[in-house]
Amino acid sequence: MACVLRLASRSRSRSGLRPTLAAPRPFPPPPPRVGPTPAAPSPAPLRGLLLPLSPLRLASPDGSSSSSPAWLLDGLNWRRAEVGRRWFATEASAAPAAELVDVPLAQTGEGIAECELLRWFVTEGDQVDEFQRLCEVQSDKATIEITSRFKGKVHQIHFGPGDIVKVGETLLKMMVGDSQTVSHDSIASSTDHSHAVDAANPSGEGSVPSGTLSTPAVRHLAKQYGLNISDIQGTGKDGRVLKEDVLSYAASKGLCKEPTSALEENIDQVELLEGRGSLPDANSYEDRRISLRGYQRSMVKSMTLAAKVPHFHYLEEINCDALVELKASFQNANKDHTIKHTFLPFLIKSLSKALSKYPLLNSCFVEETNEVIFKGSHNIGVAMATEHGLVVPSIKNVQSLSILEITKELSRLHEMASHNRLSTEDIAGGTITLSNIGAIGGKFGSPLLNLPEVAIIALGRIQKLPRFDDDENVYPSSIINVTVGADHRVVDGATVARFCNEWKSLVEKPELLLLHMR
């Protein structure tokens, strides 16, 4: 160790270096204690310089050394720092206050630009927890529930049921924070849909909006009559416009009859339904204009695209005598009364087996790259007609499901579709579509493709028809007509004919399906 020190000392002697300490950076001269002194100009003042109290002790502006007070350099001016803190900032942090937060309609799926607002789960003034349901919207693909990302109070709702909301538009505003007071600055920084709010009360209570107070249902009712909600004098608390106020005002304008006791029912019963006439005259024969919403709007887009694709249709009839007997045996042995056996699950399972042999029918065509993608999963879509429009949910991975599992999943999808509760996952990802028009009525169909799929199948109703056996004897037979629509850019007629022969053999002889079961 001593040898190393001597070598280091000789090296410093030869190089002429001496160990020195860096000179401290000089501070600007402190101002005198009495009277302000203008600070010297500086090209780059030091703003917000943080200085520690310990272990470094700073001299006071008068030059005296003291250990108790500390002084902070703020730009070129000295100011006295608070004793007892280790670090200091030039500005004190504000106490947490309420913040008015916009809750926009987020992106609900790929290609979705707008949604229809179906209903609200909250009203103005409600306290909302994080992840609590706020409202329900419907796109042209699915119905989605919007949940809250914040915990706070609903301040203002911007849209009513039936309104179209674009992605990114503000659905409602919420007060987030411990305080219920919102300043004018926070209101002014919000979007154009916001209304001004009064300044904070001295008592600390929540401020009341200066705009017209009303619920979305009442505003929607006023909109149906073509009234401006701001022109109506509210009789509710804090001047809130009630349903009765709208009806009375509409009656004074001659837009409807005087409100009676029957109108005291739920607001939904007095709202007009689109396509059921106008308020002034229920027997009017005038033309009506309605907007297509939800699934109907989706059908406009998809069928417009499908009409540009060259289709061809292949018709086949299948003998379902064996299938009828099999379905009857399933139902007789059924001990679960929640399950109802039908022909469709067996047709779906046998279709999946035929697709395994002819995978081209379970593909999609990418026009941009001129490629065909063979789908690994058999996600068979089933077209369902509901009061909300035509929707096509799909049963996923049919090749891995039993007939009983297909029956349960089909029942679940039908229940969700009838209550408008299908999710995006239920609708997306189909690879081929079945349209069971026979459940309503009809023998034949000429379906259009559900792009980007390359095939769609229409099923007619099963009916008893006379047929001839090998000895030319007439016998009754259960016959179903099947129409296959295909994309002629990808699929040719011979492939569809062979595919139908394979599917037909499995339906007419269900025992053959057992040979392929795993």
**Prompt:** Hey, among the residues in the range 316-336 that are in contact with a helix residue (DSSP H, G or I) (Cβ under 9 Å, 6 or more places away or on another chain) and among the hydrophobic types (A, V, I, L, M, F, W, C), which one's nearest to Cys364 (Cα to Cα)?
**Reply:** Ile318
**Request:** Identify the single condition in (1) modelled with pLDDT under 80; (2) open to solvent by 30 Å² or more (accessible area, probe 1.4 Å) that Phe88 does not satisfy, given that it satisfies every other one.
**Result:** (2)
**Prompt:** Looking at the range 446-476, which of the residues that are under 26 Å from Lys509 (Cα atoms) and in contact with a Leu (Cβ under 6 Å, 6 or more places away or on another chain) is surrounded by the fewest Cβ atoms within 10 Å (Cβ to Cβ)?
**Reply:** Ile457
**Request:** Grab the strands (runs of 3 or more DSSP E) fully contained in the range 428-518, keeping just those with 1 or more residues being of a type in the set (Phe, Trp, Tyr) and more than 43 Å from the chain's Cα centre (by Cα).
**Result:** 463-468, 474-487
**Prompt:** Hey, which of the helices (runs of 4 or more DSSP H) in the range 235-352, taking only ones fully inside, have at least 1 residues that are modelled with pLDDT of 80 or more, β-branched (Val, Ile, Thr) and closer than 30 Å to Thr215 by Cβ?
**Reply:** 243-252
**Per-region count, the range 129-165, residues among the basic types (Lys, Arg), surrounded by 22 or more Cβ atoms within 10 Å (Cβ to Cβ) and outside any loop (DSSP other than H, G, I, E, B)** = 0
**Asked** Across the range 292-310, what is the total count of residues that are surrounded by fewer than 16 Cβ atoms within 10 Å (Cβ to Cβ), touching a residue at least 40 places away in the same chain (Cβ under 8 Å) and not aliphatic (A, V, I, L, M)?
**Response** 3
**Message:** I'd like to know if the range 179-202 contains one or more residues that are modelled with pLDDT under 75, open to solvent by 50 Å² or more (accessible area, probe 1.4 Å), of a type in the set (Gly, Ala, Ser) and over 34 Å from the mean Cα position of the chain (by Cα).
**Reply:** yes
**Fill in**
In the range 110-122, residues that are open to solvent by 10 Å² or more (accessible area, probe 1.4 Å) and either acidic (Asp, Glu) or at pLDDT 90 or above (or both) total 5
**Request:** Only residues that are open to solvent by 50 Å² or more (accessible area, probe 1.4 Å) and assigned to a loop (DSSP other than H, G, I, E, B): list them for the range 403-427, please.
**Result:** His419, Arg421
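The values are calculated or read from the model by the stated rules, or taken from the named source; none is laboratory data. None of these values were measured; they are calculated from a predicted model. Quick reminder, even Gly has a Cβ in these numbers, built from the backbone with ideal geometry, and neighbours come from all protein chains shown. Keep in mind that these areas ignore ligands, DNA and RNA; they rest on the heavy atoms of the full protein, side chains included. Shrake-Rupley method; radii C 1.70, N 1.55, O 1.52, S 1.80 Å.
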